[in-house]
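Comments concern the structure below.
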Amino acid sequence: MQTGLRPVCVRSATQTATPGGISIAIFHLSVKVVSRSTGRSATAAAAYRCGIAITDSRTGLLFDYRRKKGVVHTELVLPANAPFWAADRERLWNEAERAEHRRNSTVAREFVIALPEELSVDKRCALAVEFANELVKRHGCAADVAIHSPGRHGDQRNHHAHILLSTRRLMADGFSEKTRELDDQKSGEVLRWRERYASIQNNYLKVNGGVKLVDHRSHRDRGITDVPGKHFGHSAMAYERRTLQSSRRRMTYQEEVVVQLERAKLIGAWSRLEKDLHESLVDLRCDLVAALNAREEVLRRQCVSDEQENVEGEANSPSGPPA
């Protein structure tokens, strides 16, 4: 059983309120990869997320997750010119595996998105599929959408979708070049998709008549000083539910928060000290300039007074002023 994928870009926002008092709904979008270097396969990932059985023709392994609970809806989203066999989920992901030849190849990419609890099941499905359609149109890849309901013991607001993407564009004659633009964080594609998904999600929320909206930006960019929430992962949360104790990830995170807060406090103290010193230096400079100006004025007046005394002395002399 395969669990957890290596994250490429993970950011999330929890329900909160902006400085203006507007309620913000839950937003989450993360992008992960499925790589052979970690013992993973696209066939196993698709079988698990869709709750079906798939046989990997390359390895001969059967991945059977038909007993998996919580799969609400699955749907393949394909380019307009996709070959007929791509509509077969098992063949699609076997072909995706067959297109890669290195033993450390990245064989699939996954978008994980939170779906609003404020929407109905049908509208959550429509939202996920619409987003997948935009991904496919822009990048030309195949997308496999699997919508999951919240876990029995987890947060009951955690409606979410897994959108498994092929790492190659799907053409009429099969898989072609890689979608490299999604690998390079400098390309800005992932950030673009975060903003776009927030926009689509807000459109659905507005049509639904809800007042809660989502914001893809970080707490810092939104002017929120609270420490953002942390996603600890399935294993850590399962451990906490089972033992009623904090997981190691939570304790590590809490320690990191304390260190960050102390660091921020120290930086703030140094910043204030630097500001005070700067202001003191400015005041000293102003005082020094004023003192120098005053000294020059005293010297100037002294010179004028001495000159006047000399002139008067010469005028009052018995011999008179010189010829």
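Just one of the listed residues (Asn81, Asn104) is within 19 Å of Ala44 (Cα to Cα) and either touching a residue at least 60 places away in the same chain (Cβ under 8 Å) or not hydroxyl-bearing (Ser, Thr, Tyr) (or both), and it is Asn104. Among the residues of the range 48-86, those identified as surrounded by fewer than 18 Cβ atoms within 10 Å (Cβ to Cβ), farther than 19 Å from His162 by Cβ and of a type in the set (A, V, I, L, M) are Leu61, Leu62, Ala80. Selection of first residues in the range 113-124 that are under 7 Å from His159 (Cβ atoms) and at pLDDT 90 or above and of second residues that are in a helix (DSSP H, G or I) and of a type in the set (A, V, I, L, M, F, W, C), restricted to Cβ pairs under 9 Å at least 6 apart or on distinct chains, gives the following pairs, ordered by first then second residue: Leu115/Cys125; Leu115/Leu127; Leu115/Ala128. Every residue in the range 90-128 that is part of a loop (DSSP other than H, G, I, E, B), open to solvent by less than 40 Å² (accessible area, probe 1.4 Å), over 19 Å from Ala198 (Cβ atoms) and not polar (S, T, N, Q), please. Listed by number, the residues that qualify are Ala99, Glu100.
Of all residues in the range 204-214, exactly one satisfies the criterion of being open to solvent by less than 50 Å² (accessible area, probe 1.4 Å) and modelled with pLDDT under 75, namely Gly210.
Scanning the range 129-179 for residues that are outside any loop (DSSP other than H, G, I, E, B) and of a type in the set (Lys, Arg), we see that the one that is surrounded by the fewest Cβ atoms within 10 Å (Cβ to Cβ) is Lys137.
Close contacts from the range 251-276, counting a first residue that is without any contact (Cβ under 8 Å) to a residue 60 or more places away in the chain and within 27 Å of Tyr239 (Cα to Cα) and a second that is open to solvent by 90 Å² or more (accessible area, probe 1.4 Å) and of a type in the set (Lys, Arg), with Cβ to Cβ under 6 Å and a gap of 6+ residues or different chains, come to Tyr253/Lys230. Within the range 15-47, the residues that satisfy the criterion of being modelled with pLDDT under 80 and surrounded by fewer than 16 Cβ atoms within 10 Å (Cβ to Cβ) are Gln15, Ala17, Thr18, Pro19, Gly20, Gly21, Ile22, Ser23. Can you confirm whether the range 57-70 contains a residue that is assigned to a strand (DSSP E or B), farther than 15 Å from Ser149 by Cβ, in contact with a Leu (Cβ under 9 Å, 6 or more places away or on another chain) and among the aliphatic types (A, V, I, L, M)? No, the range 57-70 has no match at all.
Can you tell me which residues in the range 180-203 are hydrophobic (A, V, I, L, M, F, W, C) and open to solvent by less than 50 Å² (accessible area, probe 1.4 Å)? Passing the criteria: Leu182, Val190, Trp193, Ala198, Ile200.
The values are calculated or read from the model by the stated rules, or taken from the named source; none is laboratory data. Just so it is clear, the structure is predicted and the values come from calculations on it, not from any experiment. Cβ sites come from the backbone with ideal geometry, for glycine too, and all protein chains shown count toward neighbours. Calculation scope for accessible area: heavy atoms of the full protein, side chains included, ligands and nucleic acids excluded. Shrake-Rupley method; radii C 1.70, N 1.55, O 1.52, S 1.80 Å.
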